[in-house]
Structures are given as C-alpha cells and as structure tokens.
Amino acid sequence: YARVATLGDEVRNAKRNIPKAIALSLGGVLVLYLLLTAVLTKVLGIKLASSEAPFIAYFNALGFHLDWLVLAVASVASLGSILALLAGVSRTAAGMSTDRELPKFFESRNRFGSPWVAEVVIAVGAGSLVFIGDLSSVIGFSSFSVLFYYSVAHLSALGQPAEQRFLPRFLPVLGLVLCLLLAVSVPGPAVIVSTAILLTAVVARRYFRVESN
C-alpha cells in the first residue's frame, strides 16, 4: 500500500483512486493481522512471543506437520511483496531521473511504460545486499531509510496548499514525529551508517550540480 502513490502517472483518476487503494489495502492488511493474531494466540498462547516460526508452531500444535507448505506460502508472499516494492521504488528512481537527481538512464522505459533499467538495477542491488551483507544489518539500514523517506513525505505534505489538502494538517505532523522517533530507535549501527551515507549523497549532489552549472 505504501508504494501505490508512486504509480500515480499510470493510474486513471489518480487523485481519487490512489487514496482509495491505499485505504483499502491498509485496512485489509490490518484486519488480516488482527485475525492472525487472534488465531495464533488462541492456540500458542504466551509461546507466540518467543516463537521464531509461529505458523509452523501453530500447525505442529494442531498435529499437522506442514513445514514445507508454510515455507512455500511464505516464499510466494515474499515474492509478491518484492514485486510490489520493485514497482514502486523503480518508479521513484525514474521520477528522480526525470528531475535530474539520478543518472538519465534510470528513466528508460519499455513499450509497456515500465522503467525497466531502474527495475533491473534495483533488483540486482537489493539481491546483492541480501546475499553479500549481514541480513540483520540490511534490515536495519532498510528500516531507517524507509522511515526517513516517509518523514520527508510527511514534511512535504505540510507544504501542500490548503485547497489541495483533504486530511487535517495535524496528521502529517504526527506522522513526521512518529517516523523520526522510530527511525532513531532502529538498533545497531544502522542510524549512524545510514546518516553518513545520506550526508555523503547530499554533498555529492551539491558538488555535481555546481560542476554541471
């Protein structure tokens, strides 16, 4: 649901349909989480908090050894999530390329309108991080970066003209504060390293812009 907004230029009547899609998908996910929590808690009880594989533990508690099925479903769900993220992030990269914030080749699109170069580069980069880097560190860097990204989105929403705003102004303020609080609470070196990378990128951007001018 978080990546739906990045598909705005490919959606009919985006101003109406994108908020509706975000609300429906977010609501559906929350309902699903609540139902799963209720079902798992009823069977596993307090053991749910310490379980590393709650769905496998759930079926084992019921007498069904379906480890292979749980892993297969989890793999398919992960691929679906990766596909959605890839679609959103690649279009963000293509938009940044159009604004000359990234190299021009990122905005190359195929006959279906998909930014295929950005998709390939991002897929290879993400796969490399997973296979080469420490997974817990990668998750920390990803969490901090996403929360910072959302903080920027909330900050941008504060500058939205009043006639274009359909939500109360306090919501982006609340979102900004919560995102920043969560971002600085990410464990490990993710906050320091990610901040250093971000500052390096800002300095490099300013340098290359000055050089190009």
Query - Relative exposure of SER194, SER25, judged by other C-beta atoms within 10 Å (fewest first) - result: SER25, SER194
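For a footprinting-style exposure proxy, rank SER51, SER142 by other Cβ within 10 Å, fewest first.
Starting with the residue having the fewest Cβ neighbours, the order is SER51, SER142.
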Query raised in the report: At what distance in angstrom do the alpha carbon centres of the stretch 165-188 and the stretch 114-137 lie from each other?
Result: 27 Å
Query - Computed helical MRE - 222 nm, the chain, DSSP H runs ≥ 4 contributing -39500 (n - 2.57), nearest 500 - result: -24500 deg cm²/dmol
Report task. Determine the dipole magnitude for the chain: charges of +1 sit on the beta-carbon of Lys and Arg, -1 on that of Asp and Glu, nothing else is charged, the reference point is the Cα centre, and the result goes in debye to the nearest 20. Result -> 620 debye
Report summary line: By Cβ neighbour count within 10 Å, fewest first, SER108, SER50 rank SER50, SER108
Query - Top positive-direction residue, dipole computed over the chain with Cβ charges, set GLY28, VAL173, LEU147 - result: VAL173
**Report entry** Under the span-like rule (Cα at least 30 Å along the axis, Kyte-Doolittle mean at least 1.0), DSSP H helices of the chain
**Finding:** 14-44, 67-98, 135-158, 190-212
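Taking the Cβ of SER97 as the centre, find all other residues whose Cβ is under 11 Å away and add up their charges (Lys, Arg: +1; Asp, Glu: -1).
+1
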Query raised in the report: How big, on average over all directions, is the shadow cast by the Cα convex hull of the stretch 144-213, in nm²?
Result: 6.1 nm²
**Report entry** Relative contact order %, the stretch 68-213, counting alpha carbon pairs below 8 Å whose residues are six or more apart
**Finding:** 17 percent
Requested in this report: Evaluate the charge dipole of the stretch 134-213 about its Cα centre and quote only its size in Debye, nearest 20, assuming +1 on the Cβ of each Lys and Arg and -1 on the Cβ of each Asp and Glu.
Outcome: 200 debye
Query raised in the report: When the gyration tensor of the chain is built from Cα positions, what are the square roots of 5 times its three eigenvalues, in whole Å, from largest to smallest?
Result: 34, 22, 20
Report summary line: Per the C-alpha gyration tensor (a ≥ b ≥ c, the square roots of its eigenvalues), the stretch 74-167 is rounded if a/c is under 1.5, else prolate if a/b beats b/c, else oblate; here it's oblate
Requested in this report: Using only alpha carbon positions, build the gyration tensor of the stretch 19-91, then give the equivalent ellipsoid semi-axes as the square roots of 5 times its eigenvalues, largest first, whole angstrom.
Outcome: 28, 17, 9
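Please compute the net charge surrounding GLY159, taking Lys and Arg as +1 and Asp and Glu as -1 over other residues with Cβ under 12 Å from its Cβ.
+2
Each reported figure results from applying straightforward, stated rules to the coordinates on display, with no laboratory input. Predicted model only: the values in this text are computed from it and were never measured. Note that we place each Cβ from the backbone using ideal geometry, even for glycine, and neighbour counts take in every protein chain shown.
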